[in-house]
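The values are calculated or read from the model by the stated rules, or taken from the named source; none is laboratory data. Source: prediction; values computed, not measured. Because the Cβ atoms are built from the backbone with ideal geometry, glycine has one as well, and the counts that use them run over all protein chains shown. Side chains are part of the model used for accessible areas, which takes the heavy atoms of the whole protein and leaves out ligands, DNA and RNA. Shrake-Rupley method; radii C 1.70, N 1.55, O 1.52, S 1.80 Å.
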Amino acid sequence: MQWSDILASRALRMKASEIRELLKLLDQPDIISFAGGIPDPALLPVEKFAAATAEVLRDTGGLQYSVSEGFLPLRKWIRGRMEKLGIACTEENILITSGSQQALDYLGKLLLGPKDTALVSWPTYLGALGAFNAYEPVYDRLSLRGNRTVAQYQAAAAEAGGKVKFAYLSADFSNPTGLTITREERERLIDLADELNCAILEDGAYQQLRYNGEAVPPILALEIARKGDIEKCRTIYSGSFSKTLSPGLRVGWVVAAREVIERLVLMKQAADLHTATLNQMVVAKVAADDFDGHVAHLREVYGRRRDLMLDALAREMPEGVSWTKPEGGMFVWVTLPEALDGAELLAAALAEEKVAFVPGRAFFADGSRGNMLRLSFSLHEKAVTDEGIARIGRAIRRALQK
Ligand SMILES: Cc1ncc(COP(=O)(O)O)c(C=O)c1O
């Protein structure tokens, strides 16, 4: 069977990345990995989950089908959290999704036709590109410095054969750079989207994990403050429990104007009916039990690990290497001298130093820049971070001498 003869064009857009092969080597015990962007398993509230699951399973509700919108008590809890961030809404503005990754897929499906333009940060979250690719868009670079005019964006989109449909970004502690955009940049983005008449997809996956500096209101909060009502807003916010409570349970959410949520509910009905009932009920119970105390602990631990990584980089990186100083999240983004390539460095670093990271090229929609690395600081304490960053330093020095 020649499957390629009958595949849909969208399937051809979905490709495995070449780095996956290299990262398979990570299972070897003596490799130090800064590659995965995952929570430390030791910080997941396993006992609370065990107790909550036992409680939920006292009756059969958690084993039953439920509504596509999501478990109402969980939506009410999320509404309270959103309100604290300045996002005034009702439960009808919230849809529970199977992780925020599903929200990205649905939003791509909702908004992108073939050849439409998605504006994305340069670099951006690799998984968002993966989700959107299936809908055959064209990517253009989102610039928040105001150095591209509305007419330029529109002309580029028209030339590509479609319209600008949305701008996607992580406003807080982005994956991969760890950087946060300023309030002024957020305001400018709302202006730009108003002029382009496109949506803003605000990915809040890391929003709760701030270690220092002042919180900046979400873009959706700023837009509500301007326009007075979420129903008038073009920003669609996605959130997640993956970085705080559990990535394995796959519980995330979308907050947006009711019209958007109603359409996403239809999509969810068609795709998977609803997010696992048991998971939603258990997450609702665990979230209601001192979520702020739990997140404060995560902030303390991850904040310390971030500092350890920044200290180690300052000590070990050769001249010509620079890196971001994130105020939260899980990642530091390293820029190597132009002549080096992150993927080649990974191959050498794995073979010669037994250390891993994610090369940066895959985070650029056009694959244009190769001299970057993403390092995650979420898993390791001082001894491992110091040793691992020293190994990367040696691998870079060696590559520079070639
Ligand atoms: C920026 C960003 N958005 C979304 C996701 C998807 O997370 P989940 O589907 O687990 O909520 C991730 C996961 O790493 C991420 O880094």
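Quick notes on this structure:
- Residues that are open to solvent by 20 Å² or more (accessible area, probe 1.4 Å), under 30 Å from ALA271 (Cβ atoms) and not aliphatic (A, V, I, L, M) within segment 24-44 comprise LYS24, GLY36, PRO41, listed in sequence order.
- Residue match in segment 309-325 (condition: assigned to a loop (DSSP other than H, G, I, E, B) and hydroxyl-bearing (Ser, Thr, Tyr)): yes
- Hits in segment 187-235 (condition: among the basic types (Lys, Arg) and either within 16 Å of the ligand (Cβ to nearest atom) or touching a Ser or Thr at 6+ places or on another chain (Cβ under 6 Å) (or both)): ARG210
- Taken over segment 109-121, the criterion of being within 15 Å of the ligand (Cβ to nearest atom) and either among the hydroxyl-bearing types (Ser, Thr, Tyr) or surrounded by fewer than 24 Cβ atoms within 10 Å (Cβ to Cβ) (or both) is satisfied by SER121 alone.
Rundown of residues vs (1) buried (at least 16 other Cβ atoms within 10 Å of the Cβ); (2) farther than 14 Å from MET317 by Cβ; (3) basic (Lys, Arg), yes/no style:
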site: LYS354; (1), (2), (3): yes, yes, yes
site: PRO359; (1), (2), (3): yes, yes, no
site: SER368; (1), (2), (3): no, yes, no
site: ARG374; (1), (2), (3): yes, yes, yes
site: PHE377; (1), (2), (3): yes, yes, no
site: GLY388; (1), (2), (3): yes, no, no
site: GLY393; (1), (2), (3): yes, no, no
site: ALA399; (1), (2), (3): yes, no, no
site: LYS402; (1), (2), (3): no, yes, yes
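- Any hit, segment 220-234, residues being more than 19 Å from THR90 (Cα to Cα), open to solvent by 10 Å² or more (accessible area, probe 1.4 Å) and in contact (Cβ under 8 Å) with a residue 12 or more places away in the chain: no
- Close Cβ contacts (under 6 Å, 6 or more residues apart or on different chains) running from residues in segment 31-47 that are closer than 16 Å to LEU209 by Cβ and part of a strand (DSSP E or B) to residues that are modelled with pLDDT under 95 and more than 12 Å from the ligand (Cβ to nearest atom) are absent.
- Count of segment 147-159 residues which are in a loop (DSSP other than H, G, I, E, B) and exposed (fewer than 12 other Cβ atoms within 10 Å of the Cβ): 2
So that you can scan it fast, the table gives a plain yes or no per residue for (1) touching a residue at least 24 places away in the same chain (Cβ under 8 Å); (2) among the aliphatic types (A, V, I, L, M); (3) within 25 Å of LEU104 (Cβ to Cβ):
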{"site": "VAL254", "(1), (2), (3)": "yes, yes, yes"}
{"site": "VAL265", "(1), (2), (3)": "yes, yes, yes"}
{"site": "THR275", "(1), (2), (3)": "yes, no, yes"}
{"site": "VAL283", "(1), (2), (3)": "yes, yes, yes"}
{"site": "ALA287", "(1), (2), (3)": "yes, yes, yes"}
{"site": "ASP290", "(1), (2), (3)": "no, no, no"}
{"site": "TYR302", "(1), (2), (3)": "yes, no, yes"}
{"site": "LEU310", "(1), (2), (3)": "no, yes, no"}
{"site": "MET317", "(1), (2), (3)": "yes, yes, no"}
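Yes or no, residue by residue, for (1) assigned to a helix (DSSP H, G or I); (2) under 25 Å from LYS243 (Cβ atoms); (3) over 14 Å from the mean Cα position of the chain (by Cα):
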| residue | (1), (2), (3) |
| --- | --- |
| LEU119 | no, yes, yes |
| GLY127 | yes, yes, no |
| TYR135 | no, no, yes |
| LEU144 | no, yes, yes |
| SER174 | no, yes, no |
| THR180 | no, yes, no |
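- Candidate set from segment 70-101 (those that are touching a strand residue (DSSP E or B) at 6+ places or on another chain (Cβ under 7 Å) and in a helix (DSSP H, G or I)); member that is surrounded by the fewest Cβ atoms within 10 Å (Cβ to Cβ): ARG79
- Selection count where residues are in a helix (DSSP H, G or I) and within 16 Å of the ligand (Cβ to nearest atom), scope segment 236-266: 1
- Restricting the first member to segment 162-174 and to residues that are without any contact (Cβ under 8 Å) to a residue 60 or more places away in the chain and of a type in the set (Lys, Arg), and the second to residues that are open to solvent by less than 10 Å² (accessible area, probe 1.4 Å) and within 16 Å of the ligand (Cβ to nearest atom), the beta-carbon pairs closer than 8 Å and six or more apart or on different chains are LYS165/ALA118.
- Sole residue being crowded, with 20+ Cβ neighbours inside 10 Å and touching a Phe, Trp or Tyr at 6+ places or on another chain (Cβ under 6 Å), chosen from PHE132, PHE166, PHE173: PHE173
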